[in-house]
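Beneath this line is the structure, given in structure tokens, with notes to follow.
The values are calculated or read from the model by the stated rules, or taken from the named source; none is laboratory data. If you're wondering where the values come from, they're calculated on a predicted model, not measured in any experiment. Glycine also receives a Cβ, built like all others from the backbone with ideal geometry; neighbour counts cover every protein chain displayed.
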Amino acid sequence: MPRPDPAPTQLDRDLADLKLLEIAKCYRDVLDEAARKGSSMLEVLGMLIGMEQTVRQQRALERRIRQARLPKRKTLTEYDFNFPKRIPKTAIVRLFDCDFIPRHGCAVLIGPTGTGKSHLLTALGYTVCERGYSVRYTRVVDMLNNLTTAQINGRLADALKVYVRPQTLLLDELGYLPIDKRGADLLFQVVAARYESGSIVLTTNRTFREWGTLFDVDNTLATALIDRLMHHGEALVIKGDSYRMRDKGDDSPPSA
């Protein structure tokens, strides 16, 4: 029969008060193992602290991923760099170093539908979480719908915080649907609020010269958006056909 759990001691209660929960759970087993091996108390202390730190780091990562609201996990290694006709591979791989985040840098991935921009953006989101940075992922249309509703209900200031506070904002699929004047103004508020204070990585199927048409023929606003994104950012242009169309009739899942 399994041995019953020992009654809580004052040490257990003290560890719980200090929120050293992993140490509280494991210290008896660690001490028993240390006694068998003849380990020093310094070694025991180091082991317990290491276990506590590992668990806390894992919980923090899981919390960042949960708060990021990322789609199903993708990785950079799954992306087929050989498929697009042209792709700045070196610049994209360098983006995954995450060095742009402390500098509040930005990037815009530009390319036709089906060239893997969302795959890269999602994979970047998980990498950013693993590097310890806060992230928020959203499709542009979802963000604008949320902000529009908040503005109508008088909650815009609070709603904007969701997209301004994270260290990295990932905006997916700009250009797939037209954006009215209200939506364009709200998008500008987000970009302007994050300018030189937080990073943005954005995917779009529209070249910069098309952005004026996208924003209800507002070239001034389009220029202001591009200026802020590109001041400390870079445009990464991908050219090629849709990976999904290549796989039409093939049961294997797309890699991009």
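Looking across the stretch 136-160, the residues that are over 23 Å from CYS106 (Cα atoms), of a type in the set (A, V, I, L, M, F, W, C) and surrounded by 15 or more Cβ atoms within 10 Å (Cβ to Cβ) come down to ALA150, LEU156. The residues in the stretch 202-218 that are in contact with a helix residue (DSSP H, G or I) (Cβ under 6 Å, 6 or more places away or on another chain) and either among the hydrophobic types (A, V, I, L, M, F, W, C) or within 26 Å of GLY125 (Cα to Cα) (or both) can be counted, and the count is 5.
Residues in the stretch 55-65 that are without any contact (Cβ under 8 Å) to a residue 12 or more places away in the chain and either farther than 20 Å from VAL162 by Cβ or not assigned by TED's automatic domain parsing to the domain that holds ARG28 (or both): GLN57, GLN58, ARG59.
Only one of the listed residues (GLN57, GLN67) is in contact with a strand residue (DSSP E or B) (Cβ under 9 Å, 6 or more places away or on another chain), in a helix (DSSP H, G or I) and either surrounded by 11 or more Cβ atoms within 10 Å (Cβ to Cβ) or at pLDDT below 95 (or both). That residue is GLN67. Restrict the check to the stretch 187-205 and report whether at least one residue is of a type outside the set (Ser, Thr, Tyr), in a helix (DSSP H, G or I), in the same structural domain as THR115 (by TED's automatic domain parsing) and touching a Ser or Thr at 6+ places or on another chain (Cβ under 7 Å). No; the residues of the stretch 187-205 include none that is of a type outside the set (Ser, Thr, Tyr), in a helix (DSSP H, G or I), in the same structural domain as THR115 (by TED's automatic domain parsing) and touching a Ser or Thr at 6+ places or on another chain (Cβ under 7 Å).
Picking from residues in the stretch 72-93 that are touching a helix residue (DSSP H, G or I) at 6+ places or on another chain (Cβ under 6 Å) and buried (at least 19 other Cβ atoms within 10 Å of the Cβ), the one that is farthest from ALA107 (Cα to Cα) is PHE83.
Confirm whether LYS85 is more than 21 Å from GLU210 (Cβ to Cβ) and not small (Gly, Ala, Ser). For LYS85, the condition - more than 21 Å from GLU210 (Cβ to Cβ) and not small (Gly, Ala, Ser) - is not met. Candidates are the residues of the stretch 222-256 that are within 21 Å of the chain's Cα centre (by Cα) and modelled with pLDDT under 65; the one that is nearest to THR115 (Cα to Cα) is ALA256.
When TYR176, TYR163, TYR195 are screened for being among the aromatic types (Phe, Trp, Tyr) and surrounded by 21 or more Cβ atoms within 10 Å (Cβ to Cβ), only TYR163 passes.
Looking at the stretch 154-175, which of its residues are more than 25 Å from PHE100 (Cβ to Cβ) and touching a helix residue (DSSP H, G or I) at 6+ places or on another chain (Cβ under 9 Å)?
Of everything in the stretch 154-175, those that are more than 25 Å from PHE100 (Cβ to Cβ) and touching a helix residue (DSSP H, G or I) at 6+ places or on another chain (Cβ under 9 Å) turn out to be ARG155, LEU156, ALA157, ASP158, ALA159.
Taking the stretch 78-169 and the helices (runs of 4 or more DSSP H) fully enclosed by it, the elements with 2 or more residues that are without any contact (Cβ under 8 Å) to a residue 40 or more places away in the chain and farther than 25 Å from GLU196 by Cβ are at 89-95, 140-152.
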